[in-house]
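What follows is a set of notes on a single structure, which appears directly below.
The values are calculated or read from the model by the stated rules, or taken from the named source; none is laboratory data. These figures come from a predicted structure and were not determined experimentally. Cβ sites come from the backbone with ideal geometry, for glycine too, and all protein chains shown count toward neighbours. Quick note on the areas: whole protein, heavy atoms, side chains included, nothing else; ligands and nucleic acids left out. Shrake-Rupley method; radii C 1.70, N 1.55, O 1.52, S 1.80 Å.
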Amino acid sequence: MKIFEAQHHAEAHFVAGLLQTAGISAEVRGESLYTTVGAGSSIPGMRLSVWILEDRKEGQARGILAAYMTGEGIPTFSDGPWKCPRCGEIHEPQFASCWNCGTENNKE
Ligand SMILES: [Zn+2]
């Protein structure tokens, strides 16, 4: 059954991944559609939705989606920008070491 309609490709695969992580068989399905852009012309596109293969897990799946919708299920970097202890450069959290002097970020 269809459990979720995604806004874009990445979201569809992210949601399917969330469900699979929880042990629910899920897959992304796409359907072609044409979006009218005015003056009678249209552009081809794809609407993606996420389907679960075991309908009995609908309740569990909807719980996961509800958490996702409220932001609880979205992985985020747990900490913010960090400052290099040697040279003082400020870095985004996804960088593991200083681009300026190579000092590693020692996350305590
Ligand atoms: Zn540095």
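General remarks:
- Residues of segment 92-106 that are in a loop (DSSP other than H, G, I, E, B) and open to solvent by 90 Å² or more (accessible area, probe 1.4 Å): Glu92, Gln94, Phe95, Trp99, Asn106.
- If you go through segment 2-24 and keep only what is touching a residue at least 24 places away in the same chain (Cβ under 8 Å), open to solvent by 60 Å² or more (accessible area, probe 1.4 Å) and outside any helix (DSSP H, G or I), you end up with Lys2, Glu5, His8.
- Where Lys57 falls short, out of the listed (1) in a loop (DSSP other than H, G, I, E, B); (2) among the basic types (Lys, Arg); (3) at pLDDT 80 or above: (1)
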